[in-house]
1. Of the numbered conditions (1) open to solvent by less than 40 Å² (accessible area, probe 1.4 Å); (2) closer than 30 Å to Pro137 by Cα; (3) among the hydrophobic types (A, V, I, L, M, F, W, C), Trp286 satisfies every one except a single condition; which is it?
2. Please go through segment 30-47 and give me each residue that is part of a loop (DSSP other than H, G, I, E, B) and open to solvent by less than 60 Å² (accessible area, probe 1.4 Å), ordered by number.
3. Taking the criterion of being in a helix (DSSP H, G or I) and under 15 Å from Glu53 (Cα atoms), would at least one residue in segment 249-262 satisfy it?
4. Just the residues that are closer than 26 Å to Thr154 by Cβ and surrounded by fewer than 19 Cβ atoms within 10 Å (Cβ to Cβ), please, taken from segment 292-301.
5. Conditions first: (1) in a helix (DSSP H, G or I); (2) over 15 Å from His221 (Cα atoms). Gly70 passes all but one, so which condition is the exception?
6. Can you pull out every residue in segment 107-158 that is within 20 Å of the chain's Cα centre (by Cα) and among the polar types (S, T, N, Q)?
7. In segment 151-191, how many residues are among the aliphatic types (A, V, I, L, M), modelled with pLDDT of 90 or more and farther than 20 Å from Pro235 by Cα?
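The values are calculated or read from the model by the stated rules, or taken from the named source; none is laboratory data. Please read these numbers as outputs of a predicted model, since none were measured by experiment. Here the Cβ is made from the backbone with ideal geometry for all residues, glycine too, and neighbour counts use every protein chain on show. These accessible areas exclude ligands, DNA and RNA; they are computed on the full protein's heavy atoms, side chains included. Shrake-Rupley method; radii C 1.70, N 1.55, O 1.52, S 1.80 Å.
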Amino acid sequence: MTAKPGWRGRFTRHDSGRDTGIAFGIGAYFLWGLFPAFFGLLSFASAGEVLVERILWTLVVALLALLVAGRIGELRRIDARTWRLAAVASAAISLNWGTYVYGVISHHVVECALGYFINPLVTVAFGVLIFRERLRPPQWVALGLGATAVIVLTVDYGSPPWIALILACSFATYGLVKKVIRLDALPGLAAEGLAAAPFALIAVVVIALTGNATFGSSVPHTTLLMLTGPVTLVPLVLFALAAPRVPLSTMGILQYLTPALQLTWGVAVGHEPMPASRWAGFALIWLALAIFTADALRRSRRPTVTVPE
């Protein structure tokens, strides 16, 4: 029996698109995983200055990309509700960026990695608290293990792991807003930058007037601060290219590449302390994520029933 050419062509295109999407996804999460290497180079500046420069230079790069793509007019068509959502998203991601930079330059990369490990669990918890979603038993087990891990790590650190918790909660909030905002990745990032730009510009002036600015102090320092724009934008573009091509279950697994790389960097390169009690806390998080991911994969593989029209 001869295979139908049309079927073979469709299969090949679908498979190729998925493989390309996975490559884009790996690229995005790999670059995010290397962020400690880049932002660690910015320890010459305060976390506040790095944050505001990152906001402004990311906005510049996003606007240039929209201009080159002929999509700059999309910003003029954004309605008032979408601008309000963009402002909320901007506040959430600014808090996330500032906390992350502070964590990296203060040598708390391991705690930053913890924040992105627990982020999926925080997102599920938000679904229960905000949207009154019903959880399946494995999800409850995963959340319980996650909460236990936070308690273990609180005892280990001597206080709650605030950097990790702020990173997880701010990024989960950002994710919730991005689910309802009707903007593509690039216009969305530009809109968020425009919402934050007035505050960032005021902060730049204040930092300069107080004599604490490092931007403009030397070519290397200025160049590194300017690079925060493209460094931020490139993995976001790769992620935007991957998302429509790759199943959510696959993206859910790929996302753990980022905190795994960051944890490796913190321990192997930064030589941050990892006593047995801290490893125990991380082990509980990994067990929770394994249960959570296995449940998600099992449900994604269930056959769907098509109702005839």
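1. Checking Trp286 against (1) open to solvent by less than 40 Å² (accessible area, probe 1.4 Å); (2) closer than 30 Å to Pro137 by Cα; (3) among the hydrophobic types (A, V, I, L, M, F, W, C), the one that fails is (1).
2. Our first condition is that a residue be part of a loop (DSSP other than H, G, I, E, B); within segment 30-47, this holds for 34, 43-46.
Passing the criteria: Phe44, Ala45.
3. Of segment 249-262, the ones in a helix (DSSP H, G or I) are 249-254, 257-262.
Imposing the further condition that a residue be under 15 Å from Glu53 (Cα atoms) reduces the set to none.
Scanning segment 249-262, I find no residue that is in a helix (DSSP H, G or I) and under 15 Å from Glu53 (Cα atoms), so the answer is no.
4. First, the residues of segment 292-301 that are closer than 26 Å to Thr154 by Cβ: 292-293.
Scanning segment 292-301 gives a single hit, Thr293.
5. (1)
6. Asn119, Thr123
7. Result for segment 151-191: 8.
Condition check ((1) within 29 Å of Glu53 (Cβ to Cβ); (2) surrounded by 15 or more Cβ atoms within 10 Å (Cβ to Cβ); (3) free of Cβ contacts under 8 Å to residues at least 60 places away in the same chain; (4) polar (S, T, N, Q)) across all residues:
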position: Ile93; (1), (2), (3), (4): yes, yes, no, no
position: Cys112; (1), (2), (3), (4): yes, yes, no, no
position: Phe117; (1), (2), (3), (4): yes, yes, no, no
position: Leu129; (1), (2), (3), (4): no, no, yes, no
position: Leu143; (1), (2), (3), (4): no, yes, no, no
position: Pro160; (1), (2), (3), (4): no, no, yes, no
